[in-house]
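See below for the structure under consideration.
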Amino acid sequence: RIALTIESPAAPLDALMEAAADAIIIIDGQGVILRFNPAAESMFGYASDEVLGRNVSMLMPEPQSRSHDGYIHNYRETGTARIIGKGREVTGLRSDGSSFPMHLSVGEIRRSGEAHFVGIVRDLSDFRAAQEQVRRLEEQLLHADRLVILGELTAGIAHEINQPLTAIAAYADAGCALIHRDGDTPRQDMRSICERIGEQSRRAAEVVQRLRKLVRSGTVGRSRHDINQIIENVLLLYEYEIKKQNIEISFEPLETLEKLFVDDIQIQQILVNLVKNGIDAISAAGVRDGRIWIEIAAQENVAVVAVTDNGPGVAAQDRARMFEAFFTTKPKGVGLGLSICKSIAAAHGGSLHYAAAPGGGSRFTLSLPRRSIG
(Lines give C-alpha, C1' and ligand atoms only; values in the text may rest on other atoms or scores of the structure.)
Protein backbone atom coordinates (compact mmCIF):
# COMPACT_ATOMS: atom_id res chain seq x y z
CA ARG A 1 0.00 0.00 0.00
CA ILE A 2 1.35 3.43 -0.97
CA ALA A 3 1.23 5.83 2.00
CA LEU A 4 2.86 9.26 1.81
CA THR A 5 2.61 12.19 4.19
CA ILE A 6 2.52 15.65 2.64
CA GLU A 7 2.45 18.51 5.12
CA SER A 8 1.99 21.25 2.54
CA PRO A 9 1.62 21.59 -1.22
CA ALA A 10 5.03 21.33 -2.83
CA ALA A 11 6.25 22.74 -6.10
CA PRO A 12 7.63 19.34 -7.20
CA LEU A 13 4.13 17.84 -6.90
CA ASP A 14 2.69 20.62 -9.04
CA ALA A 15 5.41 20.06 -11.63
CA LEU A 16 4.72 16.33 -11.61
CA MET A 17 1.00 16.89 -12.10
CA GLU A 18 1.65 19.18 -15.05
CA ALA A 19 4.30 17.06 -16.77
CA ALA A 20 2.90 13.55 -16.26
CA ALA A 21 1.86 11.69 -19.42
CA ASP A 22 -0.64 9.64 -17.41
CA ALA A 23 -3.78 11.09 -15.90
CA ILE A 24 -3.41 11.92 -12.20
CA ILE A 25 -6.49 12.55 -10.09
CA ILE A 26 -6.42 13.39 -6.36
CA ILE A 27 -9.59 12.97 -4.28
CA ASP A 28 -10.48 13.39 -0.63
CA GLY A 29 -11.88 10.76 1.71
CA GLN A 30 -15.40 11.29 0.34
CA GLY A 31 -14.35 10.78 -3.28
CA VAL A 32 -14.48 14.50 -4.18
CA ILE A 33 -11.99 15.52 -6.86
CA LEU A 34 -9.31 17.94 -5.57
CA ARG A 35 -6.74 17.87 -8.40
CA PHE A 36 -7.13 16.98 -12.07
CA ASN A 37 -3.99 17.24 -14.20
CA PRO A 38 -3.77 18.20 -17.93
CA ALA A 39 -3.35 14.58 -19.02
CA ALA A 40 -6.61 13.75 -17.22
CA GLU A 41 -8.32 16.68 -18.99
CA SER A 42 -7.19 15.30 -22.35
CA MET A 43 -8.12 11.70 -21.49
CA PHE A 44 -11.60 12.31 -20.07
CA GLY A 45 -12.56 15.40 -22.10
CA TYR A 46 -13.28 17.63 -19.10
CA ALA A 47 -11.61 20.91 -18.15
CA SER A 48 -10.27 20.91 -14.61
CA ASP A 49 -12.83 23.43 -13.34
CA GLU A 50 -15.66 21.17 -14.63
CA VAL A 51 -14.73 18.31 -12.29
CA LEU A 52 -13.19 19.93 -9.20
CA GLY A 53 -15.53 19.55 -6.26
CA ARG A 54 -17.51 16.73 -7.90
CA ASN A 55 -17.42 13.05 -7.04
CA VAL A 56 -14.87 10.98 -8.97
CA SER A 57 -17.58 8.43 -9.81
CA MET A 58 -18.60 10.76 -12.67
CA LEU A 59 -15.57 9.41 -14.54
CA MET A 60 -16.83 5.81 -14.43
CA PRO A 61 -19.82 4.05 -16.03
CA GLU A 62 -22.26 1.94 -14.06
CA PRO A 63 -21.87 -0.28 -12.09
CA GLN A 64 -18.30 0.82 -11.28
CA SER A 65 -19.35 4.36 -10.37
CA ARG A 66 -21.84 2.99 -7.84
CA SER A 67 -19.20 0.75 -6.23
CA HIS A 68 -16.35 3.24 -5.98
CA ASP A 69 -17.52 5.23 -2.95
CA GLY A 70 -18.25 1.95 -1.19
CA TYR A 71 -14.63 0.84 -1.65
CA ILE A 72 -13.34 4.07 -0.07
CA HIS A 73 -15.83 3.93 2.80
CA ASN A 74 -14.97 0.28 3.49
CA TYR A 75 -11.26 1.08 3.53
CA ARG A 76 -11.71 4.00 5.96
CA GLU A 77 -13.84 1.89 8.29
CA THR A 78 -11.91 -1.39 8.23
CA GLY A 79 -8.49 -0.60 6.81
CA THR A 80 -8.95 -3.47 4.34
CA ALA A 81 -7.81 -2.43 0.86
CA ARG A 82 -9.89 -3.52 -2.13
CA ILE A 83 -8.48 -1.08 -4.68
CA ILE A 84 -6.05 1.01 -2.58
CA GLY A 85 -2.41 0.23 -3.35
CA LYS A 86 -3.37 -1.99 -6.27
CA GLY A 87 -3.51 -1.67 -10.03
CA ARG A 88 -6.32 -3.10 -12.11
CA GLU A 89 -8.09 -2.71 -15.43
CA VAL A 90 -11.39 -0.83 -15.30
CA THR A 91 -13.59 1.20 -17.64
CA GLY A 92 -13.49 4.99 -17.86
CA LEU A 93 -16.25 7.36 -18.99
CA ARG A 94 -15.47 10.38 -21.16
CA SER A 95 -17.43 13.63 -21.21
CA ASP A 96 -19.09 12.63 -24.50
CA GLY A 97 -20.50 9.47 -22.91
CA SER A 98 -18.07 7.06 -24.58
CA SER A 99 -16.29 4.46 -22.48
CA PHE A 100 -12.72 3.20 -22.78
CA PRO A 101 -10.48 0.61 -21.08
CA MET A 102 -7.99 2.03 -18.61
CA HIS A 103 -5.48 0.83 -16.04
CA LEU A 104 -6.06 2.44 -12.64
CA SER A 105 -3.60 2.49 -9.74
CA VAL A 106 -4.80 4.01 -6.46
CA GLY A 107 -2.57 5.07 -3.57
CA GLU A 108 -3.16 6.82 -0.28
CA ILE A 109 -1.56 10.14 0.67
CA ARG A 110 -1.94 12.14 3.84
CA ARG A 111 -2.16 15.88 3.97
CA SER A 112 -2.26 17.48 7.43
CA GLY A 113 -3.34 14.15 8.88
CA GLU A 114 -6.31 13.76 6.53
CA ALA A 115 -6.44 10.80 4.15
CA HIS A 116 -6.53 11.64 0.46
CA PHE A 117 -6.18 9.30 -2.47
CA VAL A 118 -4.32 9.63 -5.74
CA GLY A 119 -5.34 7.73 -8.87
CA ILE A 120 -2.96 7.25 -11.80
CA VAL A 121 -4.78 6.33 -15.00
CA ARG A 122 -3.40 5.00 -18.28
CA ASP A 123 -5.60 4.76 -21.37
CA LEU A 124 -5.50 1.20 -22.78
CA SER A 125 -7.52 1.94 -25.93
CA ASP A 126 -4.55 1.71 -28.32
CA PHE A 127 -3.25 -1.42 -26.59
CA ARG A 128 -6.64 -3.17 -26.83
CA ALA A 129 -7.01 -2.09 -30.47
CA ALA A 130 -3.59 -3.60 -31.25
CA GLN A 131 -4.59 -6.83 -29.50
CA GLU A 132 -7.78 -6.99 -31.55
CA GLN A 133 -5.84 -6.43 -34.76
CA VAL A 134 -3.45 -9.27 -33.87
CA ARG A 135 -6.44 -11.52 -33.15
CA ARG A 136 -8.01 -10.71 -36.53
CA LEU A 137 -4.70 -11.36 -38.31
CA GLU A 138 -4.40 -14.72 -36.55
CA GLU A 139 -7.91 -15.66 -37.72
CA GLN A 140 -7.04 -14.62 -41.29
CA LEU A 141 -3.87 -16.73 -41.12
CA LEU A 142 -5.84 -19.75 -39.91
CA HIS A 143 -8.33 -19.26 -42.73
CA ALA A 144 -5.56 -18.89 -45.33
CA ASP A 145 -3.96 -22.12 -44.13
CA ARG A 146 -7.27 -23.95 -44.54
CA LEU A 147 -7.60 -22.59 -48.08
CA VAL A 148 -4.10 -23.87 -48.89
CA ILE A 149 -5.12 -27.30 -47.60
CA LEU A 150 -8.28 -27.18 -49.69
CA GLY A 151 -6.28 -26.33 -52.80
CA GLU A 152 -4.04 -29.34 -52.23
CA LEU A 153 -7.07 -31.59 -51.86
CA THR A 154 -8.89 -30.29 -54.95
CA ALA A 155 -8.43 -33.42 -57.08
CA GLY A 156 -9.67 -35.74 -54.35
CA ILE A 157 -12.61 -33.48 -53.53
CA ALA A 158 -13.66 -33.26 -57.17
CA HIS A 159 -13.50 -37.03 -57.40
CA GLU A 160 -15.46 -37.47 -54.18
CA ILE A 161 -18.27 -35.21 -55.37
CA ASN A 162 -18.23 -36.58 -58.91
CA GLN A 163 -18.82 -40.16 -57.75
CA PRO A 164 -22.29 -39.61 -56.24
CA LEU A 165 -23.27 -37.26 -59.07
CA THR A 166 -22.35 -39.92 -61.62
CA ALA A 167 -24.28 -42.53 -59.67
CA ILE A 168 -27.34 -40.25 -59.48
CA ALA A 169 -27.28 -39.79 -63.26
CA ALA A 170 -26.94 -43.53 -63.82
CA TYR A 171 -29.84 -44.39 -61.51
CA ALA A 172 -32.00 -41.68 -63.11
CA ASP A 173 -31.27 -43.13 -66.59
CA ALA A 174 -32.14 -46.60 -65.34
CA GLY A 175 -35.43 -45.31 -63.95
CA CYS A 176 -36.32 -43.67 -67.26
CA ALA A 177 -35.51 -46.89 -69.10
CA LEU A 178 -37.81 -48.88 -66.81
CA ILE A 179 -40.64 -46.43 -67.29
CA HIS A 180 -40.43 -46.68 -71.08
CA ARG A 181 -40.45 -50.45 -71.14
CA ASP A 182 -43.54 -52.21 -72.30
CA GLY A 183 -45.75 -53.44 -69.52
CA ASP A 184 -45.93 -52.41 -65.90
CA THR A 185 -42.70 -51.41 -64.19
CA PRO A 186 -42.26 -53.35 -60.96
CA ARG A 187 -42.95 -51.01 -58.06
CA GLN A 188 -40.05 -52.49 -56.08
CA ASP A 189 -37.55 -51.68 -58.85
CA MET A 190 -38.60 -48.02 -58.95
CA ARG A 191 -38.52 -47.80 -55.16
CA SER A 192 -34.98 -49.20 -55.12
CA ILE A 193 -33.81 -46.71 -57.76
CA CYS A 194 -35.33 -43.76 -55.89
CA GLU A 195 -33.73 -44.88 -52.62
CA ARG A 196 -30.31 -45.09 -54.25
CA ILE A 197 -30.70 -41.66 -55.82
CA GLY A 198 -31.56 -40.31 -52.36
CA GLU A 199 -28.53 -41.98 -50.77
CA GLN A 200 -26.12 -40.59 -53.35
CA SER A 201 -27.67 -37.11 -53.11
CA ARG A 202 -27.15 -37.11 -49.36
CA ARG A 203 -23.58 -38.30 -49.81
CA ALA A 204 -22.81 -35.40 -52.16
CA ALA A 205 -24.48 -32.96 -49.75
CA GLU A 206 -22.35 -34.26 -46.87
CA VAL A 207 -19.17 -33.70 -48.88
CA VAL A 208 -20.19 -30.11 -49.63
CA GLN A 209 -21.10 -29.54 -45.99
CA ARG A 210 -17.71 -30.80 -44.80
CA LEU A 211 -15.92 -28.52 -47.25
CA ARG A 212 -17.99 -25.47 -46.32
CA LYS A 213 -17.20 -26.12 -42.67
CA LEU A 214 -13.47 -26.49 -43.35
CA VAL A 215 -13.11 -23.22 -45.29
CA ARG A 216 -15.44 -21.00 -43.30
CA SER A 217 -13.81 -17.94 -41.75
CA GLY A 218 -14.63 -15.78 -38.77
CA THR A 219 -14.76 -16.47 -35.07
CA VAL A 220 -15.81 -20.01 -34.27
CA GLY A 221 -16.95 -20.75 -30.73
CA ARG A 222 -15.87 -23.78 -28.79
CA SER A 223 -18.29 -26.44 -27.67
CA ARG A 224 -18.30 -30.13 -26.84
CA HIS A 225 -17.21 -32.34 -29.76
CA ASP A 226 -16.43 -36.02 -30.21
CA ILE A 227 -12.75 -36.29 -31.15
CA ASN A 228 -13.49 -39.64 -32.84
CA GLN A 229 -15.92 -37.93 -35.22
CA ILE A 230 -13.46 -35.10 -35.94
CA ILE A 231 -10.82 -37.65 -36.96
CA GLU A 232 -13.27 -39.60 -39.11
CA ASN A 233 -14.23 -36.39 -40.93
CA VAL A 234 -10.54 -35.75 -41.66
CA LEU A 235 -10.08 -39.24 -43.07
CA LEU A 236 -13.11 -38.78 -45.34
CA LEU A 237 -11.37 -35.76 -46.89
CA TYR A 238 -8.36 -37.94 -47.78
CA GLU A 239 -10.33 -40.98 -48.96
CA TYR A 240 -9.47 -40.48 -52.62
CA GLU A 241 -5.83 -39.44 -52.15
CA ILE A 242 -4.85 -42.41 -49.99
CA LYS A 243 -6.34 -44.77 -52.55
CA LYS A 244 -4.43 -43.04 -55.33
CA GLN A 245 -1.17 -43.14 -53.33
CA ASN A 246 -1.81 -46.72 -52.15
CA ILE A 247 -1.39 -45.67 -48.53
CA GLU A 248 -3.14 -47.42 -45.68
CA ILE A 249 -4.66 -45.30 -42.93
CA SER A 250 -5.86 -47.00 -39.80
CA PHE A 251 -7.79 -45.48 -36.91
CA GLU A 252 -9.22 -47.09 -33.81
CA PRO A 253 -11.84 -44.87 -32.12
CA LEU A 254 -11.87 -44.56 -28.34
CA GLU A 255 -15.59 -44.66 -27.69
CA THR A 256 -15.27 -44.29 -23.90
CA LEU A 257 -13.67 -40.82 -24.13
CA GLU A 258 -15.96 -37.94 -23.22
CA LYS A 259 -16.53 -35.09 -25.68
CA LEU A 260 -13.84 -32.41 -25.58
CA PHE A 261 -14.43 -28.66 -25.29
CA VAL A 262 -12.78 -27.52 -28.54
CA ASP A 263 -13.21 -25.59 -31.77
CA ASP A 264 -13.82 -28.61 -34.00
CA ILE A 265 -12.71 -26.82 -37.19
CA GLN A 266 -9.37 -25.78 -35.71
CA ILE A 267 -8.67 -29.25 -34.32
CA GLN A 268 -9.66 -30.69 -37.70
CA GLN A 269 -7.17 -28.27 -39.24
CA ILE A 270 -4.35 -29.66 -37.08
CA LEU A 271 -5.16 -33.24 -38.00
CA VAL A 272 -5.56 -32.43 -41.70
CA ASN A 273 -2.05 -30.91 -41.64
CA LEU A 274 -0.55 -33.89 -39.84
CA VAL A 275 -2.15 -36.46 -42.14
CA LYS A 276 -1.16 -34.43 -45.20
CA ASN A 277 2.45 -34.21 -43.98
CA GLY A 278 2.52 -37.98 -43.53
CA ILE A 279 1.15 -38.60 -47.03
CA ASP A 280 3.65 -36.14 -48.55
CA ALA A 281 6.60 -37.69 -46.68
CA ILE A 282 5.67 -41.24 -47.72
CA SER A 283 5.10 -40.18 -51.33
CA ALA A 284 8.31 -38.11 -51.61
CA ALA A 285 10.42 -40.96 -50.22
CA GLY A 286 8.81 -43.52 -52.49
CA VAL A 287 7.92 -45.74 -49.54
CA ARG A 288 6.10 -48.89 -50.57
CA ASP A 289 3.29 -50.07 -48.35
CA GLY A 290 2.96 -46.62 -46.86
CA ARG A 291 1.02 -46.50 -43.64
CA ILE A 292 -0.41 -43.84 -41.35
CA TRP A 293 -2.09 -44.79 -38.11
CA ILE A 294 -3.99 -42.62 -35.67
CA GLU A 295 -4.35 -43.56 -32.02
CA ILE A 296 -6.26 -41.97 -29.13
CA ALA A 297 -5.37 -42.42 -25.48
CA ALA A 298 -7.08 -41.02 -22.40
CA GLN A 299 -4.71 -39.88 -19.67
CA GLU A 300 -5.68 -38.35 -16.33
CA ASN A 301 -6.18 -34.76 -17.50
CA VAL A 302 -5.64 -34.88 -21.25
CA ALA A 303 -6.70 -36.76 -24.35
CA VAL A 304 -3.75 -37.67 -26.57
CA VAL A 305 -4.06 -38.09 -30.33
CA ALA A 306 -0.98 -39.57 -31.99
CA VAL A 307 -0.50 -39.47 -35.78
CA THR A 308 2.30 -41.80 -36.89
CA ASP A 309 3.65 -42.63 -40.35
CA ASN A 310 6.30 -44.98 -41.71
CA GLY A 311 7.93 -42.36 -43.91
CA PRO A 312 11.58 -41.24 -43.63
CA GLY A 313 10.98 -39.02 -40.58
CA VAL A 314 12.39 -35.54 -39.95
CA ALA A 315 16.15 -35.04 -40.12
CA ALA A 316 17.74 -34.51 -36.71
CA GLN A 317 19.09 -31.06 -37.66
CA ASP A 318 15.58 -29.86 -38.62
CA ARG A 319 13.68 -30.99 -35.51
CA ALA A 320 14.55 -27.95 -33.39
CA ARG A 321 13.10 -25.59 -36.00
CA MET A 322 10.21 -27.58 -37.45
CA PHE A 323 7.54 -25.61 -35.54
CA GLU A 324 9.03 -22.21 -36.46
CA ALA A 325 7.01 -20.01 -38.81
CA PHE A 326 8.28 -20.07 -42.42
CA PHE A 327 10.64 -22.99 -41.82
CA THR A 328 9.99 -25.80 -44.30
CA THR A 329 11.75 -28.74 -45.88
CA LYS A 330 9.22 -29.04 -48.72
CA PRO A 331 10.30 -27.63 -52.12
CA LYS A 332 7.05 -25.68 -52.48
CA GLY A 333 6.16 -25.37 -48.81
CA VAL A 334 5.36 -22.08 -47.08
CA GLY A 335 6.37 -23.24 -43.61
CA LEU A 336 3.26 -22.13 -41.73
CA GLY A 337 1.34 -25.38 -41.28
CA LEU A 338 3.06 -26.79 -38.18
CA SER A 339 3.54 -23.35 -36.65
CA ILE A 340 -0.20 -22.70 -36.91
CA CYS A 341 -1.00 -26.17 -35.58
CA LYS A 342 1.15 -25.63 -32.49
CA SER A 343 -0.50 -22.25 -31.87
CA ILE A 344 -3.98 -23.78 -32.13
CA ALA A 345 -3.03 -26.53 -29.68
CA ALA A 346 -1.63 -24.00 -27.20
CA ALA A 347 -4.76 -21.82 -27.51
CA HIS A 348 -6.81 -24.87 -26.44
CA GLY A 349 -4.60 -25.38 -23.39
CA GLY A 350 -2.89 -28.33 -25.06
CA SER A 351 0.36 -29.06 -26.87
CA LEU A 352 1.80 -30.53 -30.07
CA HIS A 353 5.07 -32.44 -30.07
CA TYR A 354 7.20 -34.44 -32.52
CA ALA A 355 9.18 -37.61 -31.92
CA ALA A 356 10.86 -40.07 -34.23
CA ALA A 357 8.65 -43.14 -34.60
CA PRO A 358 10.06 -46.51 -33.59
CA GLY A 359 11.58 -48.12 -36.67
CA GLY A 360 11.64 -44.81 -38.59
CA GLY A 361 8.98 -42.34 -39.56
CA SER A 362 7.33 -39.48 -37.70
CA ARG A 363 5.04 -39.37 -34.71
CA PHE A 364 3.13 -36.20 -33.86
CA THR A 365 1.33 -36.11 -30.53
CA LEU A 366 -1.54 -33.70 -29.94
CA SER A 367 -2.64 -33.30 -26.31
CA LEU A 368 -5.95 -31.64 -25.45
CA PRO A 369 -7.42 -31.03 -21.98
CA ARG A 370 -10.30 -33.31 -21.04
CA ARG A 371 -11.84 -30.50 -19.02
CA SER A 372 -12.54 -27.01 -20.32
CA ILE A 373 -10.09 -24.26 -19.38
CA GLY A 374 -10.52 -20.55 -18.85
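One table, with the values for the structure above:
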| read-out | value |
| --- | --- |
| Total lysine pairs under 30 Å (Cα atoms) in the stretch 230-363, excluding pairs fewer than 8 apart on one chain | 15 |
| Charge sum, other residues only, whose C-beta stays under 13 Å from Gly53's C-beta, Lys/Arg counted +1 and Asp/Glu -1 | -1 |
| Summed residue charge, Cβ within 15 Å of Ala40's Cβ, Lys/Arg positive, Asp/Glu negative | -3 |
| For Asp14, solvent-accessible area (1.4 Å; no DNA, RNA or ligand), Å² | 60 Å² |
| Sequence of Glu248, Glu132 when ordered by accessible area, the most exposed leading, probe 1.4 angstrom | Glu248, Glu132 |
| Stretch gain in nm, segment Leu257-Arg110, where the contour uses 0.36 nm per residue and the Cα spacing is subtracted | 46.8 nm |
| Area of Arg202 that stays accessible when all protein chains are in place (1.4 Å probe, Å², to 10) | 140 Å² |
| Probe 1.4 Å - accessible area at Lys244, Å² to nearest ten | 120 Å² |
| Order by protection proxy (mean Cβ within 10 Å, highest first), peptides 309-318, 233-242 | 233-242, 309-318 |
| Amide hydrogen neighbours beyond the local backbone of Arg54, cut-off 5 Å, H modeled | Ile33 |
| Protection-proxy order for peptides 27-38, 251-262, each taking the mean of Cβ atoms within 10 Å per residue, highest first | 27-38, 251-262 |
| Candidate residues His180, His348: accessible-area rank, largest first, probe 1.4 Å | His180, His348 |
| Accessible surface, 1.4 Å probe, highest first, among residues His225, His353, His116 | His353, His225, His116 |
| Taking the stretch 269-327 and dividing mean pair separation by its residue count, relative contact order in percent (alpha carbons under 8 Å, at least six apart) | 31 percent |
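The values are calculated or read from the model by the stated rules, or taken from the named source; none is laboratory data. As the structure is a computational prediction, the values presented were derived from the model and not from experiment. Cβ: placed from backbone, ideal geometry, glycine included. Neighbour counts: every protein chain shown. In case anyone asks, the SASA skips ligands and DNA or RNA and just uses the protein heavy atoms, side chains included. Shrake-Rupley method; radii C 1.70, N 1.55, O 1.52, S 1.80 Å.
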